[in-house]
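All remarks here apply to the structure that follows.
The values are calculated or read from the model by the stated rules, or taken from the named source; none is laboratory data. Here the structure is a predicted model, which is why all the values come from computation and not from measurement. Note that we place each Cβ from the backbone using ideal geometry, even for glycine, and neighbour counts take in every protein chain shown.
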Amino acid sequence: MITRFAPSPTGHLHKGHAFSALTAYENTRQKGGKFLLRIEDIDFNRCKSTHSRQILEDLDWLGIEWEEPVRVQSEHIDQYSRAATELLERGLLYPCFCTRKDIQREIEAAGQAPHGSEGPLYPGTCKRLPSGERARRTELGESYALRLDLDKAMAEIDSSITWNDTLQGPQEARPEILGDIVLVRKDIRTSYHLASVFDDGLQQVTDIVRGVDLFDSTHIHCVLQRLLGLPIPTYHHHRLLTDENGNRLAKRDRSITLKSLRDAGITAKQLKKELGFAV
């Protein structure tokens, strides 16, 4: 068994992160497996090295031990780029020149757009562009993202895709709930979906523990795993922690960060007990 905790260093870890990390760690330790730490810092505008260092301190405070070396995604952009190029050469990606405003205008003009778990689905504006028009706009230097052509991807796979969640049981992938997702963003040469799936395959992760807020992403991740020739792991999508008002915990709420709890004199043993872990 190999599992991982893969935070983005966009702020300090909070109780919800502690719950997720401890769930993965304790499950792995009980089964004699390996626990990996991965820093998903591809969002260069929001991620900070100071937050990465704080993540290591917080996990050490919790008593979590991880395998070395820690994989830092920003150091491996070329690997993700090569994976995207492979998919592009197979005709499974297409350039999208749309801005967010362009997409919103297209949705409004259509009157009603299909909705997925993350909001309105991309209406396929650039998917319908003739190849000559794509080439012309590319030559003019227009910036673009690369989107997955889900229709072509599913036609290449030509079979249903199943995956298992330890809490919700066997699942059949329904990638249409996310549609033609962006796999290569305009500002970087990858995306969360591509980099995360690539790394899980590279690191031979067998069990993925993460919050239920990422349950729908798993449908599209399984498609990418099939396209890239990677095994589909077992998933465990745990509950999300909320505050006293029922709101999901967020990094912007500094009062519940692990650092603030530690500074207030709360011990790791006390926090583990509060979160339901044996101490």
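Looking at this structure, is G63 within 21 Å of I266 (Cα to Cα), part of a loop (DSSP other than H, G, I, E, B) and not β-branched (V, I, T)?
Judged against the criteria, G63 is a match.
Just one of (1) modelled with pLDDT of 95 or more; (2) of a type in the set (S, T, Y); (3) surrounded by 13 or more Cβ atoms within 10 Å (Cβ to Cβ) fails for Y122. It is (1). Q79 meets each of the listed conditions (1) surrounded by fewer than 21 Cβ atoms within 10 Å (Cβ to Cβ); (2) assigned to a strand (DSSP E or B) apart from (2). For region 8-42, a residue qualifies if it is farther than 19 Å from W61 by Cα, touching a residue at least 40 places away in the same chain (Cβ under 8 Å) and either hydroxyl-bearing (S, T, Y) or surrounded by fewer than 19 Cβ atoms within 10 Å (Cβ to Cβ) (or both), and the qualifying residues are T10, G33.
Please go through region 21-50 and give me each residue that is part of a helix (DSSP H, G or I) and either within 23 Å of S74 (Cα to Cα) or among the basic types (K, R) (or both), ordered by number.
A21, R29, S49, T50
Can you find a residue that is outside any strand (DSSP E or B), closer than 19 Å to P95 by Cβ and hydroxyl-bearing (S, T, Y) anywhere in region 163-175? No, region 163-175 contains no residue that is outside any strand (DSSP E or B), closer than 19 Å to P95 by Cβ and hydroxyl-bearing (S, T, Y). Just one of the listed residues (L146, L87) is outside any helix (DSSP H, G or I) and of a type in the set (A, V, I, L, M), and it is L146.
Give the residues of region 195-204 that are touching a residue at least 40 places away in the same chain (Cβ under 8 Å) and under 14 Å from the mean Cα position of the chain (by Cα), sorted by residue number. Matches in region 195-204: A195, S196, F198, D199, D200.
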